[in-house]
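The values are calculated or read from the model by the stated rules, or taken from the named source; none is laboratory data. Since the model is a prediction, treat every value here as computed from it, not as a measurement. Positions of Cβ are generated from backbone atoms using ideal geometry, with glycine treated the same way; all protein chains shown enter the neighbour counts. Ligands, DNA and RNA are excluded from the accessible area calculation, which covers all protein heavy atoms including side chains. Shrake-Rupley method; radii C 1.70, N 1.55, O 1.52, S 1.80 Å.
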Amino acid sequence: MAAATVAESDPAVSDGGTAFTGVHSRGWDESQLRKYSFPTKAIPRLSHTDPRAEELINNEQPVVLTDTNLVYPALKWDIAYLQENIGNGDFSVYTSENHKFLYYDEKKMAKFENFVPKSQRMEMKFSEFVDKMRKTQEMGGEERVYLQQTLNDTVGKKIVVDFLGFNWNWINKQQAKRNWGQLTSNLLLIGMEGNVTPAHYDEQQNFFAQIKGHKRCILFPPDQFECLYPYPVHHPCDRQSQVNFDHPQYDKFPNFKDVVGYETVVGPGDVLYIPMYWWHHIESLLNGGETITVNFWYKGAPTPKRIDYPLQAHQKVAIMRNIEKMLGEALGDPHEVGPLLKAMITGRYE
């Protein structure tokens, strides 16, 4: 049988819009989705018992699982419940002058003196976050806030009980059957309506579990690396696309005109599998209220002893990353990596 692919779910491609024509909206409508210039296809929505879902995950293809009960005890979480029960620990809260929250690595900022992050991180208690979010909402301007915090041992007892009630039996089986590495973190995400995390990729496997509200997720496979123009490895925005999806600079990023996305909208109880090295752009729906999500991040499987050729796209991305890292260490200055690569390639490999 041919390997399942995301394209099989909906061969029709929407031009410059969404892949949801004729799809039951389940509590949202297309007016809540931002408009972009590129076409998309729909990511399959399947029961976790459907053999096609297993095949997609085995092939590292995205799929929405509708009935895992992975975070069932958390479906009652809302801001009031969390404020009462989440404890008195510190939470990382990002503020932005607009709806975009471009990730940056603070440890890499030292060698990029002119880099100015588009958002700012602050540590605060959960009650302080709620107050700040409410005040931001009341002001009604462009400013947004976004809580992004790994769940840890400072949370209250009720949250611990909920956490222990997650469907660990199911997700541990997913990890074991694919020989993934350890669970590295569970990231709690609480965002305002309209918040956007711009396109980026991670070097881990991710089960993205939606708890409250709806999020639109647009994914791009690793073979579209050349269309999305990531920042250099040593840059604070490593793994993030340089392309502004709202206003693409086609003169600077010409291959972006060839990009094709795979998209879905996830709601409470849905779990989206985001394969390692797949780009993903995530947005809380416009006028959709606050959103709550928990990520389950796992290290990927170890490199097989026997390498099959030709290499897959994600393996080539890993090679490129390693080359950039090696050159940066050898040269002692990350700013010399680009000129050296140009000198190696220009007139020789074109």
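Before moving on, here are some points about what is shown:
- Residue satisfying all of: in the range 144-164; among the charged types (D, E, K, R) and modelled with pLDDT of 95 or more; nearest to residue 123 (Cα to Cα) among these: 144
- Cβ-Cβ under 7 Å pairs, at least 6 apart or on other chains, the range 64-77 side open to solvent by 10 Å² or more (accessible area, probe 1.4 Å), far side in a helix (DSSP H, G or I): 73/162
- The range 58-78: number of residues that are assigned to a loop (DSSP other than H, G, I, E, B) and within 21 Å of residue 297 (Cα to Cα): 11
- Inside the range 221-244, residues that are closer than 29 Å to residue 329 by Cβ and within 15 Å of the chain's Cα centre (by Cα) make up a count of 8.
- Some residue of the range 177-184 being of a type in the set (A, V, I, L, M), over 18 Å from the mean Cα position of the chain (by Cα) and either at positive phi or surrounded by fewer than 20 Cβ atoms within 10 Å (Cβ to Cβ) (or both): no
- Boolean, residue 203 is closer than 24 Å to residue 243 by Cα, open to solvent by 30 Å² or more (accessible area, probe 1.4 Å) and either of a type in the set (Ser, Thr, Tyr) or out of contact with any Ser or Thr (no Cβ under 6 Å at 6 or more places or on another chain) (or both): yes
- Residue within the range 148-155 that is exposed (fewer than 14 other Cβ atoms within 10 Å of the Cβ) and touching a Leu at 6+ places or on another chain (Cβ under 7 Å) present: yes
- Note on the range 79-110: residues that are open to solvent by less than 70 Å² (accessible area, probe 1.4 Å), farther than 18 Å from residue 157 by Cβ and assigned to a loop (DSSP other than H, G, I, E, B) total 6.
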